[in-house]
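Structure, as structure tokens:
All of the numbers you see were taken from the coordinates with simple rules; none came from a lab. Fair warning: this is a prediction, and the values are worked out from it, not measured in the lab. Glycine gets a Cβ as well: all are built from the backbone with ideal geometry, and neighbour counts include every protein chain shown.
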Ligand SMILES: Nc1ncnc2c1ncn2[C@@H]1O[C@H](COP(=O)(O)OP(=O)(O)OP(=O)(O)O)[C@@H](O)[C@H]1O
């Protein structure tokens, strides 16, 4: 037992555990702040002279010396009297006692939400998504501090705090996307559910409906599926009466078409839920996407020409579009289908420079009986791709209607290769014109685009790796949270305050609760991360832990603290 019996002072030399100074000074409210004469020397000498603490789990002989370490009662550590910390008569915190009086049962403190609150556990739980009548509150993005300007005066081993975490831009984009995915509104004019979908949110804000593409007005809603719990984009074609059932069966074929540049369709069904005859197509939902039309021809286009008559869109962007659409068409044509819907309003822009063909399969169903052959439709896909590229390059959705002027503009502002591919796509269909030929013709640019995609992938992977590190730290903090200040374990209200757990508590104080000479809290993120990283690897570096009443201190290695945490955590996780 560690005993502070003053009579044992003289025998302290034989004892592996030195005792505290003979006449501890009382700490009064007006006592001057304790300032070690030479903090560096004292800390170093403490670490050097201190008998190494071995957790009781590691060395059974120590168990006899330190079976239970009680705060406010005992003293461990090698501080000599000159460097010992100010003794205090302030009683140990009464936290333990209060907690034991409350005799809290951990199961009462936290109870898991019932299964029916989890849409994935219980697919019919649409109550989880009850539309809120409150106005939508955007996230507080300004709470994420922006990246500071580049600091060239950093030494190679120094890092800013931003170096540890996902970049603010990616974080904000992901946050926005997740908020858009989970958004609900209480639109009373919409049905509560359509087929297995519920919590509909309209996505198209235009009032006037364009019937140019499908021949019918169409509406887009975001909705949750009660079956899978996932989010989908429902495209409703208003006023369409399905005559032949086989038509809707074509969607089965489209379901199997997967390509990174198309929006995958999942199912189609007819419904009267909107008060009319509608057919609805369920597609993958890509949050915060816009259309190619909005990006290039909308009220605030992304690319604006510097001077009148100049080309606005960089050629690299156009080649990237050609590459992505060609890739999509190659998959579609290989599956024995045709897109039949290459229109800037039906191409989604899901992130910067990432486009996907949208609404695939709809024309096949709506125009089931109207004639035409697969070859004709596939040739038309190539023609429409040519027209699309012309309109984007010339900056006008109608540019392809005056083809000679458009080609003249393109030859003056873009490369010969781009002009040639456009002329090839728009020229009269010939039996040899296939998507595979386009693939060969654009190979050089595809390689460049592929290289950019790989670079982007590398950046995303690097960003992910940073979060991976944070995940490691989060797991460590979770373990500490399970242990620290646990009100009771195995009928022992003192569990988290005694033995190894007391050391863990002191370590938590060391990491989070330090104060500087003026008594101000030290809120140094780098200190926290450095401590937790050393703890995670179990470094041999020593750390000095001081009890809250400043009467005792311990010198331990991170490896020993890690072992204490592992033992305490395994106690908690073992089944009784
Ligand atoms: N699969 C999807 N995932 C996410 N959002 C989508 C999806 N499909 C469409 N949208 C959103 O719906 C909006 C409207 O799409 P829509 O195809 O109706 O475009 P539009 O320009 O309104 O065309 P139209 O004039 O034919 O209605 C798009 O801007 C896009 O933001």
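Residue 477 to residue 276: extension gain in nm, 0.36 nm per residue of separation minus the Cα-Cα distance? Provide the component values of the computation, followed by the final result.
On the way: separation 201, 0.36 × 201 = 72.36 nm, distance 5.54 nm.
Once the chain is fully extended between residue 477 and residue 276, it gains 66.8 nm.
Can you tell me the length gained on complete extension of the stretch residue 367 to residue 208, counting 0.36 nm per residue apart and subtracting the Cα distance?
Contour length minus the Cα-Cα distance gives 54.9 nm.
For residue 439 and residue 550, what does the FRET efficiency come to when R0 = 60 Å and r is the distance between their Cβ atoms, rounded to the nearest 0.05?
Numbers: r = 74 Å, r/R0 = 1.24.
Computed FRET efficiency for residue 439 and residue 550 comes out at 0.20.
Below 8 Å, C-alpha to C-alpha, sequence gap of six or more: please give me the relative contact order for segment 179-441 in percent.
Details: 417 pairs, mean separation 40.8, N = 263.
It comes to 16 percent, rounded to a whole number.
Could you work out the percent of alpha carbon pairs in segment 341-440 separated by over 21 Å, rounded to a whole number?
Values: 2081 of 4950 pairs.
Result for the distance tail: 42 percent.
Would you please state the base-10 log of I(q)/I(0) at q = 0.16, 0.19, 0.22 1/Å for segment 490-566, with intensities from the Debye formula using one equal scatterer on every alpha carbon?
These q points yield log10 I(q)/I(0) values of -0.61, -0.84, -1.06.
How long, wide and thick is segment 179-441, going by the Cα atoms along their three principal axes, in whole angstroms, largest first?
Principal axes ranked by extent give 55, 41, 28 Å for the Cα atoms.
Under 15 Å from a point placed 7 Å out from the Cα of residue 230 along the Cα-to-Cβ direction: which residues of segment 182-203 have their backbone N that close?
Label zone hits: 197.
Provide Rg and Dmax in Å for segment 336-381, with only Cα atoms included in the calculation.
Every Cα atom of segment 336-381 included, Rg and Dmax give 12.1, 38 Å.
Grab the beta carbon distance between residue 294 and residue 157, set R0 = 60 Å, and tell me the FRET efficiency rounded to 0.05. Kindly include the intermediate steps, with their values, before the conclusion.
Numbers: r = 47 Å, r/R0 = 0.78.
Given R0 = 60 Å and the Cβ-Cβ separation, E is 0.80.
According to the square roots a ≥ b ≥ c of the eigenvalues of the Cα gyration tensor, what is the shape class of segment 193-301, taking rounded for a/c under 1.5, prolate for a/b larger than b/c otherwise, and oblate for the remainder? Don't skip to the answer; put the middle values down first.
Working: a/c = 1.39, a/b = 1.24, b/c = 1.12.
Taking the square roots of the gyration eigenvalues as a ≥ b ≥ c, segment 193-301 is rounded.
Would you please put 459-471, 331-343 in order of how densely packed they are, using the mean number of other Cβ atoms within 10 angstrom per residue and starting with the highest?
Working: 459-471: 12.2, 331-343: 19.3.
By packing density, highest mean first, the sequence is 331-343, 459-471.
Evaluate the distance, in nm, between pseudo-label points positioned 7 Å from the Cα of residue 179 and of residue 489 along their respective Cα→Cβ axes.
4.0 nm
If you take the square roots of the eigenvalues of the alpha-carbon gyration tensor of segment 169-209 and sort them as a ≥ b ≥ c, do you get rounded (a/c under 1.5), prolate (a/b over b/c) or oblate?
Numbers: a/c = 2.96, a/b = 1.64, b/c = 1.80.
Cα axes put segment 169-209 in the oblate bin.
Please check which bits of segment 328-362 a label hung off residue 187 would reach, taking the label as a point 7 Å along Cα-to-C-beta and the cut-off as backbone N under 14 Å.
none
For residue 465 and residue 405 in the same chain, what is the full-extension length gain: residue separation times 0.36 nm, less their Cα-Cα distance, in nm? Before the final figure, lay out each step's value.
Values: separation 60, 0.36 × 60 = 21.60 nm, distance 5.03 nm.
Gain in length upon complete extension: 16.6 nm.
Place a point 7 Å from the Cα of residue 375 along the Cα-to-Cβ direction; which residues of segment 428-466 have their backbone N under 15 Å from it?
Output list for this probe position: 429-435.
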